[in-house]
1. Over the Cα atoms, compute the radius of gyration (one decimal) and Dmax (the largest Cα-Cα distance, rounded to a whole number) for segment 69-110, in Å.
2. Subtracting the Cα-Cα distance from 0.36 nm times the residue separation, let me have the gained length for residue 94 to residue 9 in nm, one decimal.
3. Treat the count of other C-beta atoms within 10 Å as a stand-in for reagent exposure and order 90, 26, 47 from fewest to most.
4. What is the gain in length, in nm to one decimal, between residue 35 and residue 108 on full extension, counting 0.36 nm per residue of separation less the C-alpha to C-alpha distance?
5. First measure r as the distance between the Cβ atoms of residue 84 and residue 50, then evaluate 1/(1 + (r/R0)^6) with R0 = 41 Å and state the FRET efficiency to the nearest 0.05.
6. Would you work out the relative contact order for segment 1-43, in percent, from Cα pairs under 8 angstrom that are 6 or more residues apart?
7. Taking other Cβ within 10 Å of each residue's Cβ, how do 73, 50, 14 sort, fewest first?
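Bear in mind these aren't lab numbers, they're just calculated from the coordinates by the rules spelled out. What you see is a predicted model; the values in this text were computed from it and never measured. Cβ atoms come from the backbone with ideal geometry, glycine included; neighbour counts cover every protein chain shown.
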Amino acid sequence: MSKKVEQPQDYRYVVFMDEAAKFSFLTRSTAKSEETIKWEDGQEYPLIKVQISSASHPFFTGEEKIIDTEGRVDRFKARAERAAKLRATLGNKTKKAEKEAAKKAAKTSE
């Protein structure tokens, strides 16, 4: 005897809106929402806002589009830039120290 798996019975029409791509679609879902929107057919439906959909995801669009809602990309780039400057500064100090050590070694060997 198999287990009886309960499936949700409260499916209804819901509009999903991709805010980044300004793209919306109507489908059936059990997702809950307090917001509503008037759809193309003149009826009001619950509205679920999403950040990424097939209209904005690079896999589906074939474009590289960075959607950064919290400035993470900018912070990463700034951190990488600081690290590169620090490496360059430390590299210059190392080269200078090596030259001075070579000069001292040359003086002592004479």
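1. For segment 69-110, the Cα radius of gyration and maximum Cα-Cα distance read 18.5, 65 Å.
2. Working it through step by step, the gained length comes to 23.6 nm.
3. Exposure proxy ranking, most exposed first: 90, 26, 47.
4. 18.1 nm
5. 0.70
6. Working: 31 pairs, mean separation 13.8, N = 43.
32 percent.
7. So the ranking, lowest neighbour count to highest, is 73, 50, 14.
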